[in-house]
1. What's the center-to-center distance, using Cα atoms, between region 93-128 and region 140-182 in Å?
2. Could you tell me the relative contact order of the chain? Use alpha-carbon pairs under 8 Å, at least six residues apart, and round to a whole percent.
3. On the protein heavy atoms, probe 1.4 angstrom, tell me the percent of accessible surface of region 195-257 carried by carbon and sulfur.
4. What number comes out for accessible area per residue over the chain if the probe is 1.4 Å? Units Å², please.
5. Taking 2.2 N^0.38 Å as the expected size of a compact globular protein, what ratio does the Cα radius of gyration of region 246-286 give against it, to two decimals?
6. What helices in the chain pass both tests, a Cα length along the helix axis of 18 Å or more and a mean Kyte hydropathy of -0.5 or higher, using whole DSSP H runs?
7. Could you estimate the translational diffusion coefficient of the chain from the Stokes-Einstein equation, with Rh from the Kirkwood formula over C-alpha pairs, at 4 °C and 1.567 mPa s, in whole µm²/s?
8. Of the accessible area of region 10-140, with the probe set at 1.4 angstrom, what percent is carbon plus sulfur?
Amino acid sequence: WEKVENMTNAAVLSVFEPGSTFKIVTLAAAVEEGLFDPDATYMSGSIQVPGATIRDHNRSGWGEITYLEGVKRSSNVAFVKLGYEELGPEKLTAYIRNFGFGEPTGIDLPGEASGIVAMRYPAEYAAATFGQGVAVTAIQQIAAVSAIANGGKLMKPYLLKEVIDSDTGEVIESFGPKVVRQVIREETARETALYLEQVVSDLEIGTGRRAYIEGYRVAGKTGTAQVVVDGKYAEDRWVASFIGFAPVENPKIALIVIAAEPKINDYRDAGNVVGPVFKEIMSKSLHYLGIASGAPAGGIVTISSGQEQVPNLVGKTVS
C-alpha cells in the first residue's frame with residue numbers, strides 16, 4: 001500500500017497486493033469453465049509448483065477437504081489447484097484481465113493507476129491465483145466484485161449521475177450504467193455469489209464470518225497481503241481487506257474495506273480488523289436504503305453444496 005499525501009484519492013491512485021480477496025477472480029473463472037466441483041476433495045497444507053512450495057495459512061493444512069471447505073477456509077492450495085493446474089496460466093491471465101485488472105477502470109477521477117499484471121514464471125502464475133505478485137487498486141477490486149453482483153457484467157464505475165443547470169433545473173448532461181463487457185455468464189455469477197455467501201454465513205469455519213449480518217445475505221471475502229519493503233516481503237507489515245456485496249439475492253451495495261498496516265501481531269488477526277468494519281458500514285447502509293431484513297433469526301440454512309441457500313421459513317406466515 002503506497003503512502004499518499006492528503007487530498008490524494010487512494011482508491012484510484014494507490015496500488016497494493018490484494019491477497020485473498022483476489023481469489024474471487026480465480027473462483028469465478030473455475031466455475032465458468034466448469035472446473036469447480038464443491039464436493040470434490042484435495043489434500044490441503046502445501047503444493048509444489050516449479051520454483052516454489054506454496055502453503056496454506058494453516059501450514060499443516062486441514063487434511064483432505066472439499067473444495068467448498070477450501071473456499072470457506074481460504075486455502076491457497078485449493079486456488080493454486082483450480083487456477084494454476086486446472087485453468088492454466090493462459091486462461092487465468094485472460095480472466096484476470098477480463099475482470100478489469102491491469103488497466104484503468106475509466107472512472108471520472110484524475111490520475112487513475114493501472115495496477116500490475118505481469119506474471120512470467122510458473123510460481124508467479126500460481127501466486128496470482130491467491131492475489132500475490134499482482135498489484136491492484138481499490139476501484140478495480142470493487143468493480144470486479146460488482147461484476148459478480150451484476151450478473152457477470154463488468155461495469156464502468158462513475159461518480160456523477162447528472163449535471164443540472166442551477167438556474168433552470170434543466171439536465172445538461174447525464175451519466176448512466178455502462179457495460180464494459182460480460183465477463184462470466186449470469187448463472188456463473190449467481191453460483192459464485194452463493195459460494196462467497198457461505199464464506200460469511202458459515203459461522204464455524206468461514207473466514208468472512210466476522211462480516212455476518214443477522215437477517216441479511218452477505219457475500220464476501222477477506223484478504224491479507226504482506227507489504228513489500230525494498231523489494232522483499234516484510235514479516236510484520238500487512239494490508240488487510242474485506243470485499244463483498246449484499247443482499248445476495250438482489251445486490252444493492254458493494255463495499256471494500258482496506259486497513260493499511262493495522263497494528264496486529266499475526267496476519268491471521270487481520271479479519272478481526274476489517275470484518276467488523278465492513279459489517280458496520282454495510283448494515284447501516286442497508287438500513288439507510290430501507291432494505292428490509294429478509295432472513296429470520298438463525299440466518300441461512302444450507303441445503304447442500306452447490307445449491308442455492310434459502311432462508312429458514314419454518315413457523316413463518318406466508319407474507
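The values are calculated or read from the model by the stated rules, or taken from the named source; none is laboratory data. Nothing here was measured: the structure is a model prediction, and the numbers come from that model. Quick reminder, even Gly has a Cβ in these numbers, built from the backbone with ideal geometry, and neighbours come from all protein chains shown. For accessibility, only protein heavy atoms count, side chains too; no ligands or nucleic acids. Shrake-Rupley method; radii C 1.70, N 1.55, O 1.52, S 1.80 Å.
1. 21 Å
2. 17 percent
3. Working: 1060 of 2390 Å².
It is 44 percent, rounded to a whole number.
4. Details: 15430 Å² over 319 residues.
With the other protein chains kept in place, the chain gives 48 Å² per residue.
5. On the way: Rg = 12.3 Å, N = 41, 2.2 N^0.38 = 9.0 Å.
Expressed relative to 2.2 N^0.38 Å, the Cα Rg reads 1.36.
6. Values: long enough: 186-201 (22 Å, -0.37); 270-288 (27 Å, 0.22).
Taking the DSSP H segments of the chain (at least 18 Å long, mean hydropathy at least -0.5), we get 186-201, 270-288.
7. Numbers: Rh = 20.2 Å.
The calculation lands on 64 µm²/s.
8. Working: 2350 of 4810 Å².
Here it works out to 49 percent.
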